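Remarks on the structure that follows.
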Amino acid sequence: MTDARHLIGLLLGTEEDWPSAFQEILRRLGPVVGAGGTRHVFDTERITIEPFGLRDRPRYDLVIDRLAYWYYHPREWLKKAALMDDVYLLNSPFTFQSMEKHAAYCAMMRLGLKVPDTVLVPYKNPVDNSRYAYTSARYNRQFDLDAIADRIGYPLFMKPYDGGAWRGVSRIRNPAELHAAYDQSGEMLMHLQKAIDYDVFARSLSIGAETMVMRFQPEQPMHLRYAVDHSFLSPQVGAEVVTIGQLVNAFFRWEFNSCETLIKGDDVYPIDYANACPDVALTSLHYYFPWAVKALVKWCVFTLATGRSAKLDMETGRYFEIADRTDLTYGEKLAAYRGLADAYFETERYYDFCDGRLTRIDEIVLDWVAGPDFDRLLIETVRSVYPAHEHDEFIGHLRGLVGLWVRDENTRPQTG
Ligand SMILES: Nc1ncnc2c1ncn2[C@@H]1O[C@H](COP(=O)(O)OP(=O)(O)OP(=O)(O)O)[C@@H](O)[C@H]1O
Ligand SMILES: [Mg+2]
C-alpha cells in the first residue's frame, strides 16, 4: 500500500475555536484509504508570516484562509501559491478581491435571481487623489438623491458596495435619514437598496458541496442570532435557498462562504453572499458548530484524496447561456444552474466518497463533541470572548445548545 502525505495549512487571524476542532477531528480520523488502495495521511500546520521568494515551493497542498481578506502580505503569498504552485485554496483571493458584494449582485441579477433593486451612487466626499477636483468638476454629473430614493421606495438600505460586518449599513425611512446617511458615508462607495419586508431570514453556510440553512435573527445579540429550527422553511423554499447558495458559490468558485436570503411568502431574495471569512465561531454557531467543522474536514479530505484540482477559470458563459434563454421558467433555470453547481462541486462523487471512505466520521465527531476535550475547548473559547462575570452564563448557554446537537445526533436516523 502506498502512502500519500498531504499538508493542510491554516492561515488564521484571532480564532482558536474551529482550528483546534479541525486539527483534532483530522487527528482522530487518521489515514483515509482512497481509490487504488492509497493511504492518505493528513497533517495540519498553522502558517506563519515571513519573507518568501516568488519561486519558493510552498509545503502545503491545501490552505484554508481566514486572514488574507484584510492582511496583504499573506494575500500576496496566496496569489503566488495559486498561480505558481497549484495549491488548493479555500478561498482563492482572485475570486474574492474582484468579486465583492456589488459584482455578486450584478451576476445574480443577470442570472434572474430576485436581488432587490439596487443603485450605486457616487462618493459623497472626494477620494484622496490630486486629480479628483479637476475630474469631478468636469465629469461628475449632479444628481438628485431624493429622486433615486423615491424611485426605489422607502424604506431602503444604504450600505457599502463591498460591505461586511455591518460597516456603514443603515435602514432609511425618509429623506432626512437618507441625507444624514449619505453625508456620513464619506469616502465609502454606497448602494441604495430596496428593503425587503421579510417573514424569515435564512443564512446558509456552504462548505464545498454541503450547505446548512439556518434561521437567522439579525436583531438579536451575536450568540442568539442563529436559532435552532429545522422546519422554518417549506421544503420547496428550503431547496431554493440551498440552490441559490450552491449556485453563487459555484459561479464564483467560492468553497467556504455564507449566503443571506430574505424570504417573503414563497419568494426568496438574496441580499448578501460574498463573505470571504464566513462566521464559524463556536460562540455564534453553537448547535451548528460540529456540522461546520465536520464538513470542513470532509471537504478538505475529499479534495486532497481525490486529487481535485483548483479551478480558477469561471466559465461564466455557461451560466449566462441558461440565464438568457427565453423558453425556461425561473424554476427551470434554477434547476439548470443547480446542475452546473453540482458538476462544479462533484456533489455525487463527494457523497459517494464520504459514504465509502469516511464511514467513521460521524461517530468520531459525536464522540469528541460529547467528551471532555470539547468541553475544555468550549470553556477556553468563552473565557477568551466574554468578560469574567458572563462566563458561567455563556458556558451554560453553549453547553445546552451543543448538548442538544449531541442528543439529536444520537437519535438521527443513520443515512449511510
Ligand atoms: N435589502 C434589504 N432588505 C432588508 N434588510 C436588509 C437589506 N439589506 C440589508 N438588510 C439588513 O441589514 C443587514 C446587513 O446588511 P448586509 O448583510 O448587506 O451587510 P454586511 O455588512 O455584509 O453585514 P454582515 O457582515 O453581517 O453580513 C442584513 O443582515 C439585514 O438584516
Ligand atoms: Mg450580511
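Some notes on this structure:
- Restricting attention to the stretch 253-266, the residues that are farther than 21 Å from Glu219 by Cα and either in contact with a Pro (Cβ under 9 Å, 6 or more places away or on another chain) or within 16 Å of ligand 2 (Cβ to nearest atom) (or both) total 3.
- Taking the listed residues Val293, Val213, Val241, Val297, the one that is open to solvent by less than 10 Å² (accessible area, probe 1.4 Å) and touching a strand residue (DSSP E or B) at 6+ places or on another chain (Cβ under 8 Å) is Val241, with no other qualifying.
- Residue, least open to solvent (accessible area, probe 1.4 Å), within the stretch 222-235, restricted to residues that are outside any helix (DSSP H, G or I) and within 13 Å of ligand 1 (Cβ to nearest atom): Tyr226
- Test: residue in the stretch 357-365 that is open to solvent by 10 Å² or more (accessible area, probe 1.4 Å), touching a Ser or Thr at 6+ places or on another chain (Cβ under 8 Å) and either of a type in the set (A, V, I, L, M) or within 26 Å of Arg39 (Cβ to Cβ) (or both): no
- When residues in the stretch 20-52 are screened for being touching a strand residue (DSSP E or B) at 6+ places or on another chain (Cβ under 9 Å) and over 29 Å from Glu76 (Cα atoms), 10 of them pass.
- Identity of the residue in the stretch 32-63, of a type outside the set (S, T, N, Q) and free of Cβ contacts under 8 Å to residues at least 12 places away in the same chain, that ends up least open to solvent (accessible area, probe 1.4 Å): Gly53
- Note on the stretch 161-183: residues that are more than 13 Å from ligand 1 (Cβ to nearest atom) and either closer than 19 Å to Ser258 by Cβ or in contact (Cβ under 8 Å) with a residue 24 or more places away in the chain (or both) total 5.
- Set side by side, the residues Tyr134, Tyr161 differ, and just one is within 16 Å of ligand 2 (Cβ to nearest atom) and modelled with pLDDT of 85 or more, which is Tyr161.
- Subset of the stretch 260-273 that is open to solvent by less than 40 Å² (accessible area, probe 1.4 Å) and more than 8 Å from ligand 1 (Cβ to nearest atom) - its residue that is farthest from Ser231 (Cα to Cα): Tyr273
- Extreme residue, farthest from Met84 (Cα to Cα), among residues of the stretch 3-57 that are hydrophobic (A, V, I, L, M, F, W, C) and part of a loop (DSSP other than H, G, I, E, B): Leu12
- All positions within the stretch 115-167 that are within 14 Å of Lys194 (Cβ to Cβ) and over 28 Å from the mean Cα position of the chain (by Cα): Ile148, Ala149, Asp150, Arg151, Ile152, Gly153, Tyr154
- The stretch 228-268, residues that are in contact (Cβ under 8 Å) with a residue 60 or more places away in the chain and over 17 Å from Ala335 (Cα atoms): Val228, Phe252, Arg253, Trp254, Glu255, Phe256, Asn257, Thr261, Leu262, Ile263, Lys264, Gly265
- Complete set of residues in the stretch 162-191 that are charged (D, E, K, R) and part of a helix (DSSP H, G or I): Glu177, Asp183
- Boolean, Asp279 is more than 11 Å from ligand 1 (Cβ to nearest atom) and charged (D, E, K, R): no
- Matching residues, the stretch 366-416, being exposed (fewer than 11 other Cβ atoms within 10 Å of the Cβ) and either in contact with a strand residue (DSSP E or B) (Cβ under 7 Å, 6 or more places away or on another chain) or hydrophobic (A, V, I, L, M, F, W, C) (or both): Ala388
- Which numbered condition Lys79 fails, given (1) touching a residue at least 24 places away in the same chain (Cβ under 8 Å); (2) in contact with a helix residue (DSSP H, G or I) (Cβ under 6 Å, 6 or more places away or on another chain): (1)
- Among the residues of the stretch 192-214, those that are part of a strand (DSSP E or B), within 15 Å of ligand 2 (Cβ to nearest atom) and not hydrophobic (A, V, I, L, M, F, W, C) comprise Gln193, Arg203, Ser204, Ser206.
- Candidates Arg27, Arg66 - the one that is of a type in the set (D, E, K, R), out of contact with any helix residue (DSSP H, G or I) (no Cβ under 7 Å at 6 or more places or on another chain) and surrounded by 19 or more Cβ atoms within 10 Å (Cβ to Cβ): Arg66
- Members of the stretch 287-319 found to be closer than 29 Å to Arg110 by Cβ and outside any helix (DSSP H, G or I), listed by number: Arg308, Ser309, Ala310, Lys311, Leu312, Asp313, Met314, Glu315
The values are calculated or read from the model by the stated rules, or taken from the named source; none is laboratory data. Just so we're clear, the structure is a prediction, and the values are computed from it rather than from any experiment. With ideal geometry, Cβ positions are generated from the backbone for all residues, glycine too; neighbour counts draw on all protein chains shown. Accessible surface areas use protein heavy atoms only, side chains included; no ligands, DNA or RNA. Shrake-Rupley method; radii C 1.70, N 1.55, O 1.52, S 1.80 Å.
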